[in-house]
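For reference, the structure is listed below as structure tokens.
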Amino acid sequence: MRWATRRHCHIDRAACAWLIRRFLDPEPEFVFVDDADEVPADATPFDMRGAELSHHGGDCSFETFLRRYELADPVLWEIAKVVHEADLADERYDAPEAPGVDVLLRGLSMVRDDEELLALTGPLFDGLYEYRKRALLTGREPA
Amino acid sequence: MRTLWVLLAYRLPREPSTPRSALWRKLRRLGAGQVGDGLAALPLDARNREKLEWLAEEVVEAGGEASIWLGELASAAQERELASRMAQLVAADYRTLIADAKAALEERGGQRRRTLGRLRRELRRIRARDYFPPPERELAQQELEGLAEVVEEPVA
């Protein structure tokens with residue numbers, strides 16, 4: 001499938017792309033655009049104004065994906081807290097990792113293009129998923 | 001050099017008032033300057049543009065109208081006036097923080113350390129919306145450094 005989003009990805013789009021590849025579409029093709037008018041007809045837009053898979057009612061796009069695709073995995077909701085706070089910093093959740101993740105991704109986006117950014121952040125989110133999964137299973141922060 | 005701005009032009013129904021006050025709080029947290037009734041401005045960068053675009057979306061979802069504009073003020077004097085109004089808002093926030101930090105000097109050890117943590121987070125939040133730093137910014141920084149010096153290390 002083809003997926004379209006805005007150029008110059010940051011945390012929310014990087015996390016959504018990871019979610020798509022890992023849980024929704026094993027062979028996604030991502031198209032990066034500057035304006036909603038450039039979204040190809042056969043592509044599903046996300047994290048763009050006017051798109052269904054976007055910010056809604058205070059949710060960031062990652063949270064919208066979890067709701068729309070009914071991904072009830074509690075580990076994903078743990079990741080959603082980090083993504084939400086790194087993206088919006090509105091203190092809806094307590095996610096102390098968020099400011100760090102925000103800085104790391106912003107820095108990375110300064111030295112890598114979007115394709116490379118998604119390739120590099122994929123394993124980062126894999127790791128975050130594993131960490132949060134172990135924390136949920138054991139009830140404490142894994143060492 | 002003239003500042004480039006991203007502007008949110010919006011119109012929301014009078015009632016219900018919740019979306020209006022929520023929007024106002026969010027604009028305030030971003031440090032946006034109110035240019036007129038239903039027009040808010042931030043210095044243009046990718047992050048601010050995105051933030052205002054999401055707010056525009058929320059306005060539309062709440063039954064209002066919103067558009068995003070990019071622009072610059074034709075008059076340098078009016079730009080200075082807008083920047084100075086925005087600086088006065090954050091200056092007031094810095095002054096509150098300075099007063100809190102001074103008051104914390106009288107607190108007991110554990111309480112004082114918690115206050116320091118809270119004020120450091122607050123300083124970060126204010127700095128994130130401070131585009132035209134007033135002198136109070138430096139003073140707030142110094143006041144917190146002074147407080148940190150009298151906060152003893154936590155007992156492990």
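Here B:W5 meets the list (1) within 22 Å of A:R6 (Cβ to Cβ); (2) out of contact with any Pro (no Cβ under 7 Å at 6 or more places or on another chain); (3) of a type in the set (F, W, Y) almost entirely, failing just condition (2). The condition of being more than 14 Å from the chain's Cα centre (by Cα), under 29 Å from A:R106 (Cβ atoms) and modelled with pLDDT of 95 or more holds for only one of B:W54, B:W69, that being B:W69. The criterion of being exposed (fewer than 12 other Cβ atoms within 10 Å of the Cβ) and more than 28 Å from B:R2 (Cβ to Cβ) does not hold for B:Q78.
Among the residues of region B:95-119, those that are of a type in the set (D, E, K, R) and either in a helix (DSSP H, G or I) or loosely packed, with under 12 Cβ neighbours inside 10 Å (or both) comprise B:R95, B:D100, B:K102, B:E106, B:R108, B:R112, B:R113, B:R114, B:R118.
Within region A:85-123, how many residues are touching a residue at least 60 places away in the same chain (Cβ under 8 Å) and over 21 Å from A:F32 (Cα atoms)?
The qualifying residues number 2.
Could you identify the single residue in B:R112, B:R121 that is basic (K, R) and within 14 Å of chain A (Cβ to nearest Cβ)? Quick ask: steps written out before the conclusion?
Values: B:R112 fails: within 14 Å of chain A (Cβ to nearest Cβ).
On inspection, the qualifying residue turns out to be B:R121.
Quick check on my filter: what residues within region A:114-132 are surrounded by 13 or more Cβ atoms within 10 Å (Cβ to Cβ) and either within 12 Å of another protein chain (Cβ to nearest Cβ) or of a type in the set (D, E) (or both)? Passing the criteria: only A:D114. Scanning region A:6-54 for residues that are crowded, with 19+ Cβ neighbours inside 10 Å, at pLDDT 95 or above and of a type in the set (A, V, I, L, M) turns up A:I11, A:A14, A:A15, A:A17, A:L19, A:I20, A:V39, A:L53. For region B:11-27, how many residues meet the condition of being in contact (Cβ under 8 Å) with a residue 40 or more places away in the chain and either within 14 Å of chain A (Cβ to nearest Cβ) or surrounded by fewer than 16 Cβ atoms within 10 Å (Cβ to Cβ) (or both)? So the count comes out to 3.
When B:K51 is tested against (1) within 14 Å of chain A (Cβ to nearest Cβ); (2) touching a residue at least 24 places away in the same chain (Cβ under 8 Å); (3) in contact with a helix residue (DSSP H, G or I) (Cβ under 7 Å, 6 or more places away or on another chain); (4) buried (at least 18 other Cβ atoms within 10 Å of the Cβ), just one condition goes unmet, and that condition is (2).
Given the residues A:A86, A:A95, which is the only one that is within 14 Å of the chain's Cα centre (by Cα), within 14 Å of chain B (Cβ to nearest Cβ) and not polar (S, T, N, Q)? Outline the logic, then answer.
On the way: A:A95 fails: within 14 Å of the chain's Cα centre (by Cα).
Going through A:A86, A:A95 in turn, just one is within 14 Å of the chain's Cα centre (by Cα), within 14 Å of chain B (Cβ to nearest Cβ) and not polar (S, T, N, Q): A:A86.
May I ask you to list the residues in region B:61-75 that are within 14 Å of another protein chain (Cβ to nearest Cβ) and surrounded by 15 or more Cβ atoms within 10 Å (Cβ to Cβ)? Scanning region B:61-75 gives B:A62, B:A66, B:I68. Determine whether B:E122 is touching a Gly at 6+ places or on another chain (Cβ under 9 Å), surrounded by 14 or more Cβ atoms within 10 Å (Cβ to Cβ) and within 24 Å of A:A89 (Cα to Cα). When the stated conditions are applied, B:E122 does not pass them.
The values are calculated or read from the model by the stated rules, or taken from the named source; none is laboratory data. Note that the coordinates shown come from a computational prediction; the quantities given were computed from them, not determined experimentally. Glycine gets a Cβ as well: all are built from the backbone with ideal geometry, and neighbour counts include every protein chain shown.
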